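Below is one structure, written out as structure tokens; the observations come after it.
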Amino acid sequence: MIAIKILRFKKDERINYGIYENGILKEIKGDLFKEFKISNNTFNLDDVEILSPVEPPNIIAIGLNYQNHATETGHEFPERPVIFLKATTSITGPGSNIIIPAQAPDYVDYEAELAVIIGKKAKNIEAAEVDDYILGYTCANDISARDCQLEIDQQWARGKSFDTFCPIGPWIETELEPDNLRIASILNGEIMQESNTADMIFDIRAIVSYCSKNMTLLPGTVILSGTPEGVGMAREPEVYLKPGDRIEVEIEGIGRLSNDIVAE
């Protein structure tokens with residue numbers, strides 16, 4: 001496949017997918033996960049609302065998957081990928097607000113992540129087959145209420161799943177080699193995380209294969225592949241998101257995902 005950028009956008013109350021190239025957004029007709037063609041309808045990015053690149057049937061996330069992040073949080077390297085789930089209602093798009101929940105306002109953290117978008121149904125696939133099942137990659141931010149995750153609930157579901165806690169975007173990059181990419185998070189213009197996907201304990205192909213052997217991966221499934229060192233809870237002093245902040249995720253070969261922080 002030729003490398004393309006796939007966007008999901010809203011124009012005149014209508015939501016559709018498009019291909020972005022040479023500064024022009026070209027609307028597509030058909031099913032993104034089956035067959036589609038590029039139409040003659042074109043738009044400027046400034047004239048549309050860019051949404052999350054997909055509405056996933058599942059969000060699967062991998063914890064403790066960067067060596068230096070496992071070290072900074074005091075954990076041994078896991079023997080196999082650590083899987084958890086985020087509610088699909090946590091999805092939001094580029095440029096949208098991340099809402100600090102009234103239920104848990106004080107310890108909301110950022111996590112820059114490379115996200116995998118599954119392109120076709122996958123079950124029990126091997127690592128060597130994985131590329132055939134991936135539609136592409138995008139930036140993600142695994143927002144986390146640390147008090148819910150680590151102290152109050154002592155499990156991850158609620159703290160990872162508040163509304164807007166999974167911004168992804170700005171688009172899906174279809175052709176990308178995922179194993180050697182700079183990844184960073186930037187808070188109010190200051191770099192907080194800066195690493196490379198080469199620091200992953202389990203690479204993308206191993207992650208997708210492993211997930212497929214535990215659950216069926218449906219088209220549009222989002223897999224978050226873990227975060228590098230530099231998260232807010234591991235810093236001295238600790239740094240948490242607050243209303244008025246802007247948090248950004250930047251990944252080499254994809255671009256930048258930016259979101260502003262507001263109170264509920």
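The values are calculated or read from the model by the stated rules, or taken from the named source; none is laboratory data. Just so we're clear, the structure is a prediction, and the values are computed from it rather than from any experiment. For neighbour counting, all protein chains shown are included, and Cβ atoms are generated from backbone atoms with ideal geometry for every residue, glycine included. The accessibility values were calculated without ligands, DNA or RNA, using every heavy atom of the protein model including side chains. Shrake-Rupley method; radii C 1.70, N 1.55, O 1.52, S 1.80 Å.
When the stretch 93-133 is filtered for residues that are touching a Leu at 6+ places or on another chain (Cβ under 9 Å), of a type in the set (D, E, K, R) and outside any loop (DSSP other than H, G, I, E, B), the ones remaining, listed by number, are 109, 113. When 18, 30 are screened for being at pLDDT 95 or above and small (Gly, Ala, Ser), only 18 passes.
One residue stands out in the stretch 32-51 among those that are within 19 Å of residue 134 (Cβ to Cβ) and under 22 Å from the mean Cα position of the chain (by Cα): the one that is surrounded by the most Cβ atoms within 10 Å (Cβ to Cβ), namely 32. Within the stretch 214-231, can you find the residues that are closer than 22 Å to residue 66 by Cβ and over 18 Å from the mean Cα position of the chain (by Cα)? Once the filter is applied, which keeps residues that are closer than 22 Å to residue 66 by Cβ and over 18 Å from the mean Cα position of the chain (by Cα), the stretch 214-231 yields only 214. Return the residue satisfying two criteria in turn: it lies in the stretch 157-181 and is in contact with a helix residue (DSSP H, G or I) (Cβ under 9 Å, 6 or more places away or on another chain) and open to solvent by 70 Å² or more (accessible area, probe 1.4 Å), and of such residues it is farthest from residue 17 (Cα to Cα). Within the stretch 157-181, the match that is farthest from residue 17 (Cα to Cα) is 158. Of note, residue 70 does not satisfy the criterion of being open to solvent by 10 Å² or more (accessible area, probe 1.4 Å), small (Gly, Ala, Ser) and within 28 Å of residue 227 (Cα to Cα). Within the stretch 73-98, the set of residues being within 19 Å of the chain's Cα centre (by Cα), open to solvent by less than 40 Å² (accessible area, probe 1.4 Å) and more than 15 Å from residue 142 (Cβ to Cβ) comprises 93, 94, 96. Contact map, the stretch 227-240: residues that are under 17 Å from residue 261 (Cα atoms) paired with residues that are surrounded by fewer than 19 Cβ atoms within 10 Å (Cβ to Cβ) and β-branched (Val, Ile, Thr), Cβ distance under 9 Å, separation 6+ or inter-chain. Pairs shown: 231/73; 231/239; 232/239.
Considering only the stretch 98-109, I want to know if a residue exists there that is within 21 Å of residue 135 (Cα to Cα) and either of a type in the set (Asp, Glu) or at pLDDT 95 or above (or both). Checking the stretch 98-109: not a single residue is within 21 Å of residue 135 (Cα to Cα) and either of a type in the set (Asp, Glu) or at pLDDT 95 or above (or both).
Suppose the filter is basic (Lys, Arg), closer than 14 Å to residue 136 by Cα and not in a loop (DSSP other than H, G, I, E, B); does residue 205 pass it? Yes.
When 189, 230, 244 are screened for being surrounded by 22 or more Cβ atoms within 10 Å (Cβ to Cβ), modelled with pLDDT of 95 or more, out of contact with any helix residue (DSSP H, G or I) (no Cβ under 7 Å at 6 or more places or on another chain) and more than 22 Å from residue 53 (Cβ to Cβ), only 230 passes. Only one entry of 51, 64, 85 meets the criterion of being on the phi > 0 side of the Ramachandran plot and in contact (Cβ under 8 Å) with a residue 40 or more places away in the chain, and that entry is 64. For residue 195, the test of being hydroxyl-bearing (Ser, Thr, Tyr), open to solvent by 10 Å² or more (accessible area, probe 1.4 Å), closer than 16 Å to residue 139 by Cα and touching a residue at least 60 places away in the same chain (Cβ under 8 Å) is passed.
Taking the criterion of being open to solvent by less than 80 Å² (accessible area, probe 1.4 Å), without any contact (Cβ under 8 Å) to a residue 60 or more places away in the chain and not in a loop (DSSP other than H, G, I, E, B), the residues of the stretch 11-29 that qualify are 11, 16, 17, 18, 19, 21, 24, 25, 26, 27, 28.
Checking the stated criteria, residue 8 turns out not to satisfy the condition of being of a type in the set (Lys, Arg), surrounded by fewer than 17 Cβ atoms within 10 Å (Cβ to Cβ) and modelled with pLDDT of 95 or more.
Counting the residues of the stretch 134-188 that are part of a loop (DSSP other than H, G, I, E, B), within 26 Å of residue 120 (Cα to Cα) and among the charged types (D, E, K, R) gives 4.
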